[in-house]
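Inspection log for the structure reproduced underneath, given as structure tokens.
The values are calculated or read from the model by the stated rules, or taken from the named source; none is laboratory data. None of these values were measured; they are calculated from a predicted model. Here the Cβ positions follow ideal geometry from the backbone for every residue, glycine too, while neighbour counts run over all protein chains shown. For accessibility, only protein heavy atoms count, side chains too; no ligands or nucleic acids. Shrake-Rupley method; radii C 1.70, N 1.55, O 1.52, S 1.80 Å.
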Amino acid sequence: MLDIKLLRDDSPRIAQNLADRRARVFDDLGPADGPDWAEKTVGRLTMLDRGYLALLQRQDELRRLQNETSAGMKAVGKLAKEEQAAARERLVEEGRRLRDEERQLGLDTEKALAERDEWWGRVPNLTHPETPRGGADEDHRELRRVGTPRDFEAEGFAPRDHLEVAEALDLVDFASGAKVAGPKFYYLKNEAVLLDLALQHYALQTARRHGFTVHVTPDLAREEILRGLGFNPRGESTQIYSVANSDLCLVGTAEITLGGMLADTILEEDQLPLLLAGVSHCFRTEAGSAGQESKGLYRVHQFTKVELFAFTAADEGASEAMHARLLAIEEEIFTGLGLPYRVVDIASGDLGGPAYRKFDLEAWMPGRGAYGEITSTSNCTDYQARRLKIRYRPGAPDGTKQKPRFVHMLNGTAVACSRALVAIFENYQQADGSVVVPEVLRAVVGADRVFGAKRRAGAT
RNA sequence: GGAGGAGUGGCCGAGCGGUCUAAGGCAGCGGACUUGAAAUCCGUCGUGGGGGCAACCCCACCGAGGGUUCGAAUCCCUCCUCCUCCGCCA
């Protein structure tokens with residue numbers, strides 16, 4: 001959530017940002033509803049805010065009168081004895097009247113605030129000036145390509161996609177997944193299990209080396225925490241599974257549990273930057289997605305992920321430097337895995353609500369002959385911190401403590417295991433159908449190459 | 001699952017219907033003393049919101065939400081969290 005003062009002080013900026021992001025706030029007022037839809041949106045938000053403020057002021061006034069009335073009771077004892085009863089009676093009656101009126105008004109105020117925030121909460125974060133503006137795939141800016149895709153033609157065979165490779169080696173079982181849990185669920189088998197664990201191990205070791213405190217986090221979290229991080233657990237197109245008869249949801253990423261850890265706290269400035277990493281299972285409904293892009297392990301309902309999370313001081317220099325650092329760690333991890341990738345600066349229309357700027361790493365995936373997203377890192381500035389109430393106490397140059405400020409929060413994928421497996425299976429496949437194990441994973445996997453069932457029986 | 005106990009400002013902790021404008025301490029900050037520091041003494045010091053946008057004024061907040069009352073940190077109800085013991089379990 002943005003600071004409501006931004007709406008009061010600089011509403012044109014909000015309107016411009018809505019337009020840049022193609023961010024619909026009201027259901028009947030989006031990019032397709034005329035050229036001034038963003039200004040109209042801001043106008044409606046302003047009306048809601050003013051309505052709330054007017055009610056709040058009246059309520060404050062009533063409470064002030066109530067306080068006066070009950071304070072007046074103390075003076076009754078000083079009156080002449082025969083006047084006390086009448087004076088007390090008058091005050092009690094006045095107090096009763098004020099109480100009833102204030103209670104009624106309080107309900108209206110509460111409703112007005114809830115309504116304002118329901119809509120204000122849908123307004124996305126501001127956007128980094130260098131973020132490319134636009135909403136189409138081609139509006140993303142490719143920053144660089146690292147590594148060289150293998151020339152399968154020169155090697156004399158056509159690369160298969162990861163699903164064919166993995167099934168031939170008996171590494172995944174989607175049929176059983178579908179039977180037990182439904183489509184897009186799967187079992188990992190044999191060396192894929194060890195690869196999955198090795199990826200987590202590798203990512204966590206790398207995170208630790210960079211100063212992150214590592215965690216295994218809960219796989220469920222309260223709705224309130226989800227909302228704080230900018231996820232909407234209810235609604236038609238939600239990506240979130242929720243647990244019936246409770247306020248718990250299955251997390252879609254450890255971003256939720258790591259970011260939520262510090263809700264309602266005030267940090268000291270010297271605790272920043274605070275670096276957390278966590279491994280969790282990730283659950284996503286993937287409502288409405290299908291097709292080639294979602295084949296096999298690429299888009300599934302459950303996977304395991306190691307996530308990086310950082311809290312920094314509230315100035316853009318600090319969080320931007322951290323954003324670059326997270327991106328560098330992601331690149332280090334995928335360079336270490338020997339996977340060719342490119343870095344993409346995500347366009348304004350595709351940022352999602354909380355992100356101020358977002359970089360994706362896309363690995364080369366020979367099976368489809370295209371780059372596919374494998375990690376993502378976002379600088380969410382203070383957008384999440386505001387609702388989660390995560391602050392820090394800045395120190396002024398003269399040593400005095402300043403008012404608490406909201407921290408900046410950033411997240412990034414260290415390794416999303418399922419997607420990393422896709423990239424490994426496709427990039428490391430051999431003409432004989434086997435898959436070479438990336439060097440950094442060999443110690444944990446206990447093998448440098450995965451063969452099929454025949455060789456497996458003999459090998460162990 | 002059962003039985004008890006406890007949640008108060010950055011931290012510790014008192015208060016248990018109106019004198020709470022929440023004692024006291026620690027930490028922080030300013031000052032005095034000192035060559036400097038420590039110790040000591042004096043002062044200052046919560047968060048959020050609204051109004052004037054300067055001094056200042058007002059409102060809310062004692063785990064959360066309801067309730068009783070003219071008036072609630074204080075009484076009642078529900079929930080959450082933590083602690084102790086018992087049971088069960090990996």
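Summary of computed values
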quantity: Debye, to nearest 20: dipole size of region A:247-381, +1 on Lys, Arg Cβ, -1 on Asp, Glu Cβ; calculated: 760 debye
quantity: Residues whose placed amide H lies under 5 Å from that of A:MET365, excluding near-sequence neighbours; calculated: A:ALA370, A:TYR371, A:GLY372
quantity: Angle between chain A longest axis and helix A:37-75 axis [Cα atoms, degrees, rounded to 10]; calculated: 40 degrees
quantity: Between 0 and 90°, nearest 10: helix A:81-120 axis offset from chain A longest Cα axis; calculated: 30 degrees
quantity: Among A:299-309, A:121-131, A:52-62, the order from most to least packed when residues are scored by Cβ within 10 Å on average; calculated: A:299-309, A:121-131, A:52-62
quantity: Above-threshold pairs, the threshold being 29 Å between Cα atoms, out of A:LYS111/A:LYS358; A:LYS179/A:LYS305; A:LYS358/A:LYS389; A:LYS295/A:LYS358; A:LYS74/A:LYS389; calculated: A:LYS111/A:LYS358; A:LYS74/A:LYS389
quantity: Percent of C-alpha pairs per 5 Å bin, region A:271-392, short to long; calculated: 2, 9, 16, 20, 23, 16, 8, 5, 1, 0
quantity: Net charge of Cβ neighbours under 9 Å - reference A:ASN411; Lys, Arg +1; Asp, Glu -1; calculated: -2
quantity: Hydrodynamic radius (Kirkwood) for region A:74-160, which is based on Cα pairs only, to one decimal in Å; calculated: 21.6 Å
quantity: Of all accessible heavy-atom area on chain A, the percent that carbon and sulfur account for (1.4 Å); calculated: 50 percent
quantity: Extreme residue, positive dipole direction of chain A, given options A:PRO394, A:PRO124, A:PHE309 (C-beta unit charges); calculated: A:PRO394
quantity: Around A:PHE231: net Lys/Arg minus Asp/Glu count, Cβ-Cβ under 12 Å; calculated: +2
quantity: Estimated dipole of region A:157-309 in Debye, rounded to 20 [Cβ of Lys and Arg +1, of Asp and Glu -1, Cα centre]; calculated: 340 debye
quantity: Rounded to the nearest 20 debye, dipole of chain A from Cβ charges on Lys, Arg, Asp, Glu; calculated: 1020 debye
quantity: Solvent-accessible area per residue for region A:191-280 (1.4 angstrom probe, square angstrom); calculated: 48 Å²
quantity: Cα long-axis angle, helix A:11-21 against chain A (0 to 90 degrees, to the nearest 10); calculated: 20 degrees
quantity: Antiparallel content of DSSP bridges confined to chain A, in %, to 5; calculated: 85 percent
quantity: Percent breakdown of C-alpha pair distances by 10 Å bin, ordered from the shortest bin, for chain A; calculated: 4, 17, 25, 22, 14, 8, 5, 3, 2, 1, 0, 0
quantity: Loop-resident sites, region A:206-290, for GluC sites (Glu not before Pro), counting at most 16 other Cβ within 10 Å (DSSP); calculated: A:GLU236, A:GLU286
quantity: Loop sites in region A:89-190: chymotrypsin sites (Phe, Trp or Tyr not before Pro), DSSP, at most 16 other Cβ within 10 Å; calculated: A:PHE157, A:PHE185
